[in-house]
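Report on one structure; see the data block that follows.
The values are calculated or read from the model by the stated rules, or taken from the named source; none is laboratory data. Just so it is clear, the structure is predicted and the values come from calculations on it, not from any experiment. Here the Cβ is made from the backbone with ideal geometry for all residues, glycine too, and neighbour counts use every protein chain on show. Just the protein is used for accessible areas: all its heavy atoms, side chains included, with ligands, DNA and RNA removed. Shrake-Rupley method; radii C 1.70, N 1.55, O 1.52, S 1.80 Å.
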Amino acid sequence: MADSRPLLTELENRISALASASAGTVVIGVAGAPGAGKTTLVESLVRELNGAVDDVESQRFAHVPMDGFHLSDRELTRLGLLARKGAPETFDAYGYAALLERLRLPRTAVVYAPGFERTLEQPLAGDIPVFPAAKVILTEGNYLLLDRPEWQEFRSRCTEVWYCEPDEELRTERLVERHIRFGKAAEEAAAWVRNVDGPNARLVQASKARADFVIRPAWT
């Protein structure tokens, strides 16, 4: 991430202000098109905010990604949606909202969130522990601002939702590279970005106006 320190400082200050103003758990979402760098941004923020606290059970900031709520390939096959994997309807959006509601409530025990294995391209149940010490949850995904009932259900659980908007050409290049890195041939990766990720990106970009804050990072 190029010139990231000023941006991270600005976002850290915003998170600290939101946490100070709330008596309960703060949930911050980061939306954006595929390949926008949402995960990189949130992981950097969580790492910076937790600072020198190495004991994960004592950390106050946690990352719970949307990707863990991908439906499995078996279920997508049953629904006839495997070729559209990554579209809004290929996620368990209501389950995602329900987990965030659980995280917002007072907690005395660990809550397990699902993760996502990029090599397998499959969700992994019980992969991410969120301990009671975590009072700020950062989550990221493409569709957090969509004006659909299931995503509105998610949005209602958030303190704020931000929109990540990097340079569009660079975003597309990064996305093709990511597909290649995780097993697609170059032509297949380019076709997937054009025919699947492209329509999804336009849908996400149309939701930007609903964001509480727009982030325009400079990515390397």
Problem set entry | Whole-angstrom gap from the stretch 141-220 to the stretch 1-34, using each part's C-alpha centre | 18 Å
Exercise. Quick one: putting +1 on the C-beta of Lys and Arg, -1 on the C-beta of Asp and Glu, what dipole do you get for the stretch 109-220 around its Cα centre, in Debye to the nearest 20?
Worked result: 200 debye
Problem set entry | GNM flexibility winner over the chain from A185, A52, A62 (Cα, springs under 10 Å) | A52
Seminar exercise, completed: Dipole check, the stretch 114-164, charges on Cβ (K,R +1; D,E -1), about Cα centroid: among T119, L145, V161 the Cα furthest to the positive pole belongs to V161
For this session: Using 0.36 nm per residue of separation minus the Cα-Cα distance, give me the extension gain between T40 and Y94 in nm, one decimal.
Result: 17.0 nm
For this session: Select from F116, F182, F131 the residue whose mean-square fluctuation is largest in a Gaussian network model of the chain (Cα-Cα springs shorter than 10 Å).
Result: F182
For this session: Round to the nearest 0.05 the FRET efficiency obtained for L203 and A17 when R0 = 22 Å and r is the Cβ-Cβ distance.
Result: 0.10
Seminar exercise, completed: Carbon plus sulfur, as percent of the 1.4 Å-probe accessible area of the chain, comes to 51 percent
Problem set entry | Modelled FRET efficiency - R0 30 Å, R148 with T77, Cβ distances, 0.05 increments | 0.80
Seminar exercise, completed: With all protein chains in place and a 1.4 Å probe, R148 shows an accessible area in Å² (nearest 10) of 80 Å²
